[in-house]
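Asks: Structure incoming, see below.
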Amino acid sequence: MKLVEVNEENWMEAAMLSVGEEQQDFLDRPIGIIARGYVYRDSRAKVLGIAHEGQMIGLALVKDMDEEPACYDLQQFMIDRNFQNQGWGTEALEMILSELSGEGKYDCVEVCVDKRDDAALRVYEKAGFTDTGYIDEDAPDCLNLMYFFQK
C-alpha cells in the first residue's frame with residue numbers, strides 16, 4: 001500500500017470510490033473531498049489517495065490548522081466499501097501519521113468524528129487518538145480526537 005497525491009491523472013478514479021450506506025452520513029462524497037482540497041489550498045491541503053497494487057482504495061484530506069491548537073487537521077478519511085474490514089484503514093492511517101510526523105510542522109493531528117460512527121472511532125482509537133473533550137458548537141454530534149506524535 002502507498003499514499004499517492006490525487007492529481008489530474010487519477011482524480012476520476014478517486015471520485016469513483018464509495019462507502020457503505022451506513023457511513024454516507026458521516027463522510028463527504030469523494031468529489032467533495034477533492035473539492036475541499038482545492039478550497040483549502042491556502043492551508044496546504046493535501047488530498048491523498050490510498051493505493052494498493054496500483055488501485056485506488058481510499059482517500060484522505062489533511063490540511064494545516066494554525067489556530068489553537070495548531071495541528072494537522074485530518075478532515076476526511078475513507079476506505080472504499082469493497083476494501084473495508086480488511087485492515088487497510090488502520091494501515092493507511094498509520095502511513096498518513098508517519099508522513100505527517102516526518103514532515104514535522106506540528107506535533108499533533110486532530111480529527112472530528114461523528115459519535116455514531118463506531119467503525120471510524122475504533123480505527124482512530126486503535127491508532128492512538130484520544131478524545132479531547134472539546135465539543136465544537138458547529139459540530140455538536142462529533143468527538144474531537146487528537147493524536148500526538150512520539151518525541
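Asks: So which lysines can Lys2 reach, going by Cα to Cα under 25 Å and dropping same-chain residues fewer than 8 places off?
Replies: Leaving aside lysines fewer than 8 places away in the same chain, those within reach of Lys2 are Lys46, Lys63, Lys105, Lys126, Lys151.
Asks: Right, here's the next one. Under a point spin-label approximation (7 Å from Cα along Cα-to-Cβ), what is the Glu5-Gln86 distance to one decimal in nm?
Replies: Modelled inter-label distance: 2.8 nm.
Asks: While we're here: Helix-derived [θ] at 222 nm for the chain: sum -39500 (n - 2.57) over DSSP H runs of at least 4, divide by residue count, nearest 500? It would help to have the intermediate numbers written out before the result.
Replies: Working: 4 runs with 41 residues, N = 151.
Computed mean residue ellipticity for the chain: -8000 deg cm²/dmol.
Asks: Right, here's the next one. Under 8 Å for C-alpha pairs, at least 6 residues apart: give me the relative contact order for the chain, rounded to a whole percent. Let's see the in-between values first.
Replies: On the way: 239 pairs, mean separation 28.8, N = 151.
Relative contact order, the chain: 19 percent.
Asks: Ignoring ligands, DNA and RNA, please state the percent of accessible area on region 12-52 from carbon and sulfur, probe 1.4 Å.
Replies: Values: 1280 of 2470 Å².
About 52 percent, which is the carbon plus sulfur part of the accessible surface.
Asks: Can you compute the charge dipole magnitude of region 6-112 about its Cα centre, using +1 on each Lys and Arg Cβ and -1 on each Asp and Glu Cβ, nothing else charged? Give it in debye, rounded to the nearest 20.
Replies: On the way: 8 positive and 21 negative charges, 46 e Å.
The calculated dipole for region 6-112 is roughly 220 debye.
Asks: Let me ask something else. Using the Karplus curve 6.51 cos²θ - 1.76 cosθ + 1.60 with θ = phi - 60°, work out ³J(HN,Hα) for each residue of region 94-102 in order, rounded to whole Hz, and write x for Gly and Pro.
Replies: Result, rounded to whole Hz: 4, 5, 5, 4, 5, 4, 5, 4, x.
Asks: Collect residues whose amide H, placed 1.01 Å from N in the peptide plane, falls under 5 Å from the amide H of Val19; neighbours closer than 5 in sequence don't count.
Replies: Residues meeting the criterion, in which the H sits 1.01 Å from N, are Arg81.
Asks: Here's something else I'd like to know. With a 1.4 Å probe and all protein chains left in place, how much of the accessible area of region 94-147 comes from carbon and sulfur atoms, in whole percent? Intermediate values should be presented prior to the final figure.
Replies: Values: 1390 of 3020 Å².
Solvent-exposed carbon and sulfur of region 94-147 make up 46 percent of the total.
Asks: Something else about it: Any idea how far apart Asp107 and Glu22 come out in nm if each label point goes 7 Å out from Cα toward Cβ?
Replies: 3.9 nm
Asks: Another question, then. Label-point separation (nm) for Phe149 and Ala35, each offset 7 Å from Cα along Cα-to-Cβ?
Replies: Taking the simple label geometry, Phe149 and Ala35 are separated by 3.2 nm.
Asks: By accessible area of protein heavy atoms, probe 1.4 Å, what ranking do Cys112, Cys142, Cys71 get, highest first?
Replies: Cys112, Cys142, Cys71
Asks: Can you work out the accessible area per residue across the chain, with the rest of the protein chains kept in place, probe 1.4 Å, in square angstrom?
Replies: Ligands and nucleic acids excluded, the result is 58 Å² per residue.
Asks: If exposed means no more than 16 neighbouring beta carbons inside 10 Å and the site is in a DSSP loop, what's the longest run of the chain without any exposed GluC sites (Glu not before Pro)?
Replies: On the way: sites that count: Glu8, Glu9, Glu53, Glu67, Glu137.
The longest uninterrupted stretch comes out as 68-136.
Asks: Largest first and in whole Å, give the semi-axes of the chain's equivalent ellipsoid, each being the square root of 5 times a Cα gyration tensor eigenvalue. Mind showing how you got there, number by number?
Replies: Details: eigenvalues 94, 64, 49 Å².
Calculated on Cα positions only, the semi-axes equal 22, 18, 16 Å.
Asks: With every protein chain in place, what's the accessible area of Asp118 (1.4 Å probe, Å², nearest 10)?
Replies: 90 Å²
The values are calculated or read from the model by the stated rules, or taken from the named source; none is laboratory data. Treat the numbers as computed from the prediction; the structure is a model and nothing was measured. Cβ coordinates were reconstructed from backbone atoms using ideal geometry, including for glycine residues, and neighbour counts include every protein chain displayed. The area values use the complete protein model at the heavy-atom level, side chains included, leaving out ligands, DNA and RNA. Shrake-Rupley method; radii C 1.70, N 1.55, O 1.52, S 1.80 Å.
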